[in-house]
1. Would you call Ala219 among the aliphatic types (A, V, I, L, M) and open to solvent by 50 Å² or more (accessible area, probe 1.4 Å)?
2. Step by step: first the residues of region 126-158, then only those that are of a type outside the set (A, V, I, L, M, F, W, C), in a helix (DSSP H, G or I) and within 17 Å of Glu194 (Cα to Cα), then the one that is most open to solvent (accessible area, probe 1.4 Å). Which residue is that?
3. Lys278 versus (1) modelled with pLDDT of 90 or more; (2) over 27 Å from Asp132 (Cα atoms); (3) within 21 Å of the chain's Cα centre (by Cα); (4) open to solvent by 20 Å² or more (accessible area, probe 1.4 Å): which is the lone unmet condition?
4. Which residue is farthest from Arg151 (Cα to Cα), if the candidates are limited to region 1-17 and must be modelled with pLDDT of 70 or more and hydrophobic (A, V, I, L, M, F, W, C)?
5. Going through Arg243, Arg264 one at a time, which residue ends up being more than 25 Å from Asp122 (Cα to Cα), surrounded by 14 or more Cβ atoms within 10 Å (Cβ to Cβ) and at pLDDT 95 or above?
6. Just to be sure before I move on: is Glu120 open to solvent by 20 Å² or more (accessible area, probe 1.4 Å), within 26 Å of Ala274 (Cα to Cα), outside any loop (DSSP other than H, G, I, E, B) and of a type outside the set (Val, Ile, Thr) in the structure I sent?
7. Name the one entry in Glu237, Glu194 that is open to solvent by 70 Å² or more (accessible area, probe 1.4 Å) and at pLDDT 95 or above.
Amino acid sequence: MDSARAPKDDALGREAADTIAEGSKSFATASKLFRPAMRRDVLLLYAWCRHCDDVTDGQAFGRHQTGTASPETLERLKQESLNACCGQPNDQLPFRALAEVAKRHELPEEIVLDHIAGFERDVEGWQPQTTDDLLEYCYFVAGAVGILMARIMGVRDVPTLRRASDLGLAFQLTNIARDIVEDARADRCYLPVEWRTQARLDISDLVKPERAQDVHPLAAKLVELAEPYYASARIGERALPTRAAWAIATARGVYRDIGLQVRRKGPEGLAERAYTSKGRKAWRVVTGGSQTIGGRFRNGAAQRGDLWTPRALAGQET
């Protein structure tokens, strides 16, 4: 949908813009770099994703958690999302938004369901046992969103969709590294059990200042684990329209800075939520633009190597 065909009184688009402004200041900055029509569709999809997250945690815009949703609530979320994909949304903003972008960009229902599968794990009180378990969870809650966003940006080839998923994985690994203590206070933990066992850490230990020296290496390990996925995503940006690539490169830089800050602050910084300052975000807008231009002049694409790949994209080459 180009801007010339956008509704004159776009109440849905304005509501979606308000959602991202309140729910994700980091991505809100980057989203301003999209062309207007694409930005609108990106924000519509974000509104649905934000709703899924908030429903699961009993939150509003990722804050003020009141308790984990029931399995019945998640089942309603799944059915309402499928109805929206079929062009039959209810009257709520998130589902009207999903219905619009799902129709316009042919969003695969299986990827929509993959996203909800991550929240189902949260409701079940699931914890990853291994690194692969962790990466699969990161795909569900964020990598699947990367694929859906990429489709909004016109991507259909599987190699680029894999790199879009890689960016989502990297974002989620960064979020987990930043929120280890906050999650543990809510009796939630995404550090693989095998990691915690080796470090002799229970979930209750993660909030103890005296154990910060033991916890921080695991946060740093998450940051290191994210790095090759950030690098893979950077290569995938070459396939995007120029302004979309600029927006994604900016978001990548902003989120990656959060992880690097977690690692740099050391054990003493674990109790404080890392964030990217307004000045640093502005700098990432500049560097995102230069990386986008530079990427246009590079030949070929590096192989992803042995990076973890979701089943939805495994074994496909075109």
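The values are calculated or read from the model by the stated rules, or taken from the named source; none is laboratory data. Because the structure is predicted, anything quoted here is derived from the model rather than measured. As a convention, Cβ positions derive from the backbone with ideal geometry for all residues, glycine included, and neighbour counts pool all protein chains shown. For the accessible areas, the whole protein counts, side chains as well, though only heavy atoms, and no ligand, DNA or RNA atoms are used. Shrake-Rupley method; radii C 1.70, N 1.55, O 1.52, S 1.80 Å.
1. No; evaluated as a whole, the condition is false for this residue.
2. Here the residue is Asp132.
3. Answer for Lys278: the failing condition is (1).
4. Restricting to residues being modelled with pLDDT of 70 or more and hydrophobic (A, V, I, L, M, F, W, C), the top hit is Ala11.
5. It is Arg243.
6. no
7. Working: Glu237 fails: open to solvent by 70 Å² or more (accessible area, probe 1.4 Å).
Unique residue meeting the criteria: Glu194.
Let's see how each residue does on (1) open to solvent by less than 30 Å² (accessible area, probe 1.4 Å); (2) more than 24 Å from Ala28 (Cα to Cα); (3) at pLDDT 95 or above:
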residue: Asp53; (1), (2), (3): no, no, no
residue: Gln59; (1), (2), (3): no, no, no
residue: Gln79; (1), (2), (3): no, yes, yes
residue: Ala84; (1), (2), (3): yes, yes, yes
residue: Glu100; (1), (2), (3): no, no, yes
residue: Val112; (1), (2), (3): yes, no, yes
